[in-house]
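K.L.:
Attaching a single structure in structure tokens format; questions to follow.
The values are calculated or read from the model by the stated rules, or taken from the named source; none is laboratory data. Bear in mind that the values here come from a model prediction, so they are computed numbers and not experimental data. Cβ coordinates were reconstructed from backbone atoms using ideal geometry, including for glycine residues, and neighbour counts include every protein chain displayed.
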Amino acid sequence: MRQYRIFNQEDAVAYAREAAQLGPELVLQGAEIGDGNLNQVFKVCQPGQVTGWIVKQALPYIRCIGDSWPLTRDRARIEAEILLQHGQCCPEFTVAVLHHDASLSAMLLEDLSELQVWRQALLNGEHFADAPVQLGEYLAQVHVHSSDFRLDYQAQQAARIQFANPELMSISEAVYFVDPFCDHERNNVAAGIRNDAELLWADQALKVRVAKLKHDFRCKGQALLHGDLHTGSVMVGAGKLKVIDAEFGGYGPMGFDVGVLIANLLLNLCSQNSPPPQRQRIKDVQAFWQSFHAQFFLLASQTADPALAEPDYITVFLRQVWQDALGYAGCEMIRRTLGVAHVADIDNIADPEQKIASQRHALALGRALIMHAEQLDDAELEKIALG
């Protein structure tokens with residue numbers, strides 16, 4: 001077993017050379033490109049070449065906070081195994097893991113330099129019509145194939161053990177369902193919405209619903225989740241899409257992945273100051289859900305279990321996934337407004353008054369999703385999102 005060390009550029013180049021079985025005569029250069037909260041990421045390539053290899057390494061702490069918040073390096077192994085599993089289910093839309101080394105907490109990934117981060121594309125006003133549909137297919141594939149719609153009891157129980165990720169999923173539990181709903185020291189609350197935050201913290205009816213979502217997140221192990229499927233974890237290009245960054249994955253409720261993606265599209269909606277892009281985000285949400293619903297229904301109806309293959313049951317099941325998703329979407333919108341990690345869609349708004357208005361919109365919409373999940377379909381969601 002190799003001795004762990006925190007990579008510098010030279011270490012990343014050496015790891016890529018060995019993992020990709022590149023000869024010593026090949027000239028390579030490395031540069032750190034990561035801007036995430038947890039890990040460091042390097043690009044390794046030949047001089048003058050656009051495409052090469054990506055080296056991702058887990059640090060023994062949360063990068064954006066430092067060594068005051070230590071974190072297991074085993075998350076790199078878990079992420080690699082989740083991406084490999086998701087890649088078996090849906091290779092077209094999952095980043096390829098070329099190699100991983102548990103002792104170094106490192107992995108070699110395909111270089112997606114020809115694509116761009118979907119969040120940045122949305123911020124630039126670019127529209128990729130295929131992306132919501134492709135993501136719906138991706139989630140349906142990985143959820144069905146890791147659930148009891150496809151696995152027998154023994155196989156699914158074994159998978160829950162294999163992909164157990166208690167440390168990172170406990171962080172998700174804290175930042176989604178605890179911190180944003182109280183005056184926690186980790187929160188990042190803008191002065192202009194402090195009163196709004198305090199009203200939310202005093203909302204007992206809301207807290208009861210959030211408690212239910214929190215309990216389900218821990219106990220409702222339906223499928224192998226991505227765990228952090230926001231628009232910054234999706235790379236897009238012309239007709240092409242790849243999902244990355246699955247270190248928060250593990251077994252949980254399907255509605256969580258669905259809801260986090262919906263929330264990030266709605267956060268972008270809240271950041272807009274004109275109707276056309278707002279309506280486009282709603283169309284994206286609808287296209288995403290309709291794609292997920294259709295693909296899930298098709299795959300679930302092919303299960304060997306006649307009870308689970310019953311069409312009326314699949315319809316009931318998907319209705320519950322939708323309701324769960326709206327609740328989790330609401331939590332994501334609130335935590336991205338009050339919690340430790342915000343989104344650039346709103347934080348980068350230059351006009352102070354527009355920024356506050358967008359934050360208030362996000363809080364109000366997030367609360368409405370949590371409180372009224374049972375009453376909303378995708379058409380009614382449009383009404384409350386656009387006011």
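K.L.:
Can you find a residue in segment 106-124 that is in contact with a strand residue (DSSP E or B) (Cβ under 8 Å, 6 or more places away or on another chain), free of Cβ contacts under 8 Å to residues at least 24 places away in the same chain, within 30 Å of LEU299 (Cβ to Cβ) and β-branched (Val, Ile, Thr)?
P.N.:
No, segment 106-124 contains no residue that is in contact with a strand residue (DSSP E or B) (Cβ under 8 Å, 6 or more places away or on another chain), free of Cβ contacts under 8 Å to residues at least 24 places away in the same chain, within 30 Å of LEU299 (Cβ to Cβ) and β-branched (Val, Ile, Thr).
K.L.:
May I ask you to say which residue of PRO47, PRO70 is more than 30 Å from LEU151 (Cβ to Cβ) and in contact (Cβ under 8 Å) with a residue 12 or more places away in the chain?
P.N.:
Details: PRO70 fails: in contact (Cβ under 8 Å) with a residue 12 or more places away in the chain.
Residue meeting the stated conditions: PRO47.
K.L.:
Evaluate segment 136-152: report whether one residue or more is among the hydroxyl-bearing types (Ser, Thr, Tyr) and surrounded by fewer than 20 Cβ atoms within 10 Å (Cβ to Cβ). Break it down stepwise before answering.
P.N.:
The initial filter retains those residues of segment 136-152 that are among the hydroxyl-bearing types (Ser, Thr, Tyr), namely 138, 146-147.
Then drop every residue that is not surrounded by fewer than 20 Cβ atoms within 10 Å (Cβ to Cβ), which leaves none.
No, there is no match, as no residue in segment 136-152 is among the hydroxyl-bearing types (Ser, Thr, Tyr) and surrounded by fewer than 20 Cβ atoms within 10 Å (Cβ to Cβ).
K.L.:
Then there is this: Given (1) farther than 13 Å from GLU110 by Cα; (2) outside any loop (DSSP other than H, G, I, E, B); (3) under 22 Å from the mean Cα position of the chain (by Cα), identify the lone condition not met by SER68.
P.N.:
Failed condition: (3).
K.L.:
For segment 349-357, check the following and say yes or no: at least one residue is under 23 Å from the mean Cα position of the chain (by Cα) and crowded, with 22+ Cβ neighbours inside 10 Å.
P.N.:
Residues of segment 349-357 under 23 Å from the mean Cα position of the chain (by Cα): 349.
Retained after the next criterion (residues that are crowded, with 22+ Cβ neighbours inside 10 Å): none.
There is no residue in segment 349-357 that is under 23 Å from the mean Cα position of the chain (by Cα) and crowded, with 22+ Cβ neighbours inside 10 Å.
K.L.:
Which numbered condition trips up THR94, out of (1) in the same structural domain as ARG281 (by TED's automatic domain parsing); (2) within 16 Å of the chain's Cα centre (by Cα)?
P.N.:
(1)
Matching residues to (1) in contact with a helix residue (DSSP H, G or I) (Cβ under 6 Å, 6 or more places away or on another chain); (2) under 28 Å from CYS182 (Cα atoms):
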{"residue": "GLN302", "(1), (2)": "no, no"}
{"residue": "PRO306", "(1), (2)": "no, no"}
{"residue": "TYR313", "(1), (2)": "no, no"}
{"residue": "ALA341", "(1), (2)": "no, yes"}
{"residue": "ILE370", "(1), (2)": "yes, yes"}
{"residue": "GLU382", "(1), (2)": "yes, no"}
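K.L.:
For the structure I just gave you, tell me whether GLY387 is of a type outside the set (Val, Ile, Thr), touching a helix residue (DSSP H, G or I) at 6+ places or on another chain (Cβ under 8 Å) and either buried (at least 18 other Cβ atoms within 10 Å of the Cβ) or under 19 Å from LEU269 (Cβ atoms) (or both).
P.N.:
Working: of a type outside the set (Val, Ile, Thr): yes; touching a helix residue (DSSP H, G or I) at 6+ places or on another chain (Cβ under 8 Å): no; either buried (at least 18 other Cβ atoms within 10 Å of the Cβ) or under 19 Å from LEU269 (Cβ atoms) (or both): yes.
Answer is no for this residue.
K.L.:
Spot the failing condition for LEU112; the list is (1) closer than 24 Å to VAL258 by Cβ; (2) part of a loop (DSSP other than H, G, I, E, B); (3) in contact with a Leu (Cβ under 9 Å, 6 or more places away or on another chain); (4) not hydroxyl-bearing (Ser, Thr, Tyr), and only one is missed.
P.N.:
LEU112 satisfies all of (1) closer than 24 Å to VAL258 by Cβ; (2) part of a loop (DSSP other than H, G, I, E, B); (3) in contact with a Leu (Cβ under 9 Å, 6 or more places away or on another chain); (4) not hydroxyl-bearing (Ser, Thr, Tyr) except (3).
K.L.:
Report yes if PRO132 is touching an Asp or Glu at 6+ places or on another chain (Cβ under 6 Å), modelled with pLDDT of 95 or more, in the same structural domain as GLY252 (by TED's automatic domain parsing) and crowded, with 18+ Cβ neighbours inside 10 Å, otherwise no. Working first, answer last.
P.N.:
Values: touching an Asp or Glu at 6+ places or on another chain (Cβ under 6 Å): yes; modelled with pLDDT of 95 or more: yes; in the same structural domain as GLY252 (by TED's automatic domain parsing): yes; crowded, with 18+ Cβ neighbours inside 10 Å: yes.
When the stated conditions are applied, PRO132 passes them.
K.L.:
To continue, here is another question. Exactly one of these conditions fails for GLY249: (1) exposed (fewer than 15 other Cβ atoms within 10 Å of the Cβ); (2) in contact (Cβ under 8 Å) with a residue 60 or more places away in the chain. Give me its number.
P.N.:
(1)
K.L.:
For segment 53-102, how many residues meet the condition of being buried (at least 19 other Cβ atoms within 10 Å of the Cβ) and small (Gly, Ala, Ser)?
P.N.:
3
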